[in-house]
Every structure is written in structure tokens, then in C-alpha cells.
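The structure under discussion appears below in the form of C-alpha cells.
The values are calculated or read from the model by the stated rules, or taken from the named source; none is laboratory data. If you're wondering where the values come from, they're calculated on a predicted model, not measured in any experiment. Positions of Cβ are backbone-derived with ideal geometry, glycine not excepted, and every protein chain shown enters the neighbour counts. Quick note on the areas: whole protein, heavy atoms, side chains included, nothing else; ligands and nucleic acids left out. Shrake-Rupley method; radii C 1.70, N 1.55, O 1.52, S 1.80 Å.
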Amino acid sequence: GHYTLLDFTSANCGPCIQSISELRELTQKHPDSLTIVSFSVDANKKTWLSSLKRDTIKWTSMWDGKGTYGKTAIQYNVSSFPTFVLIDPKGKITEHWSGYAEGNLKNRLAKYL
């Protein structure tokens, strides 16, 4: 019954960093209906790990070391950051968008949660 929000992000991307507080708020407000998984496209593992600590990420964050050439980024057609992909409980992609503005995540997800 969970929706899954994939968050393709980079440690030094301004809009990615700005989206973190809203992502955090969504995980706290919808723990039984939303799972967030972040995919770092950073080329350096230390950069990724430092950003997790800096941003106090409490949800799953993954890194494959291949940046934008990683299998997951290619599979989801990620070319800019942040990119978000919302997957419904049946595994169907319901939303796919890039960019961030304050309130954007809550507004887009309101009809699903």
C-alpha cells in the first residue's frame, strides 16, 4: 500500500539540498503510505557519505559509483537534478519530473497520499 518516491540527487546541487526539508517532512507525515529512496549520482563515495551526514538523511540512500551513467539513472531517464519518480503501490510510475521549488513535492503528492 506504499507509494515510493525515487529522488535522484547530487550532494552539491542547490535545489537537491533545498528539497531535503520537504522530503523529511513527507517521511514524517506519511510513514505508512510513502517510502522515499534517494539515489546519489555523485562520482565520489566520500562526497555522498558526507552529504548524508550533513543533511541528516533518515531514509534509504543509495550510491552505485557510476554517476549519471549508472543503470538506475539510465533506466529512469534522469538527466537533471533533482529528478523525482513516483511509483504507485502496484509498481506503476505515476509521476516523473525534474526540478524543485518550495511546496512542489507536497503539492504533487497530495492527490496520492
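Key figures for this structure:
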read-out: First in the stretch 80-109 and free of Cβ contacts under 8 Å to residues at least 40 places away in the same chain and under 10 Å from Leu6 (Cβ atoms), second anywhere and open to solvent by 60 Å² or more (accessible area, probe 1.4 Å) and assigned to a loop (DSSP other than H, G, I, E, B), Cβ under 9 Å, 6 or more apart; value: His96/Asn77
read-out: Residue list for the stretch 1-47, restricted to those being among the small types (Gly, Ala, Ser) and in contact (Cβ under 8 Å) with a residue 12 or more places away in the chain; value: Gly1, Ser10, Ala11, Ser19, Ser33, Ser38, Ser40, Ala43
read-out: Which listed residue is of a type outside the set (Val, Ile, Thr), modelled with pLDDT of 95 or more, in contact with a strand residue (DSSP E or B) (Cβ under 9 Å, 6 or more places away or on another chain) and more than 19 Å from Ala110 (Cα to Cα), from Ser33, Ser40; value: Ser40
read-out: Residues being among the basic types (Lys, Arg) and more than 18 Å from Glu25 (Cα to Cα) - total across the stretch 48-82; value: 2
read-out: Flag for Thr72 being under 14 Å from the mean Cα position of the chain (by Cα), modelled with pLDDT under 95 and of a type in the set (S, T, N, Q); value: yes
